[in-house]
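What follows is a set of notes on a single structure, which appears directly below.
The values are calculated or read from the model by the stated rules, or taken from the named source; none is laboratory data. Keep in mind that this is a model prediction, so the values were computed, not measured. Cβ atoms come from the backbone with ideal geometry, glycine included; neighbour counts cover every protein chain shown.
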Amino acid sequence: MKLVINGQQYEPQVRPGEVAIGDKTFKISVTRESSAAVVTVNDKTFRVEVQGNSVLVNGTSYSLEVIREPALTVAKPTETKAPVKKAAEQAVAGNAVRAHMPGQVVRVLAKEGESVGPDTVLLVMEAMKMENEIRAGRAGIVKSIPVSAGSSVNQGDILAVLE
């Protein structure tokens, strides 16, 4: 993986409990909290939520660009705070709930024919070594779920279809 910060490219070395970027090593731990990850770096804690092509860190939105290699580009924070539900709304286009990034389906929680609300978790996907809850984004009935646990998906792939 490559990481680009302010135009400078790095190849982070990830080891249990730490990450080395350039000539600096950071002590790191990650835990799950609802739809976010709580990341502690050198005793400083951050709440991190991936939302489509942005990442929300302690309430501040940063644009995110994944480059084919894959490389990760982190840009300066945007001026406004991103609403928490925006990623789910963007992932639901028409009746299809689509993957907002490549990854692997870990668990499918919803069943075909099930009535769901906008906050209902349909499935859990692992992307960038983090589990992401994929929510319905709107009320409806699950018409189909064309993926199963273990399926690899690309950005834009259909994960579920709602009626």
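What the table shows:
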item: Counted residues, region 35-47 - those being out of contact with any Asp or Glu (no Cβ under 6 Å at 6 or more places or on another chain) and in contact (Cβ under 8 Å) with a residue 60 or more places away in the chain; result: 1
item: Failed criterion for residue 104 (all others in (1) within 24 Å of residue 38 (Cβ to Cβ); (2) over 13 Å from the mean Cα position of the chain (by Cα); (3) in a strand (DSSP E or B) hold); result: (2)
item: Selection from region 14-29 of residues that are part of a strand (DSSP E or B), surrounded by 11 or more Cβ atoms within 10 Å (Cβ to Cβ) and modelled with pLDDT under 85; result: 14, 21
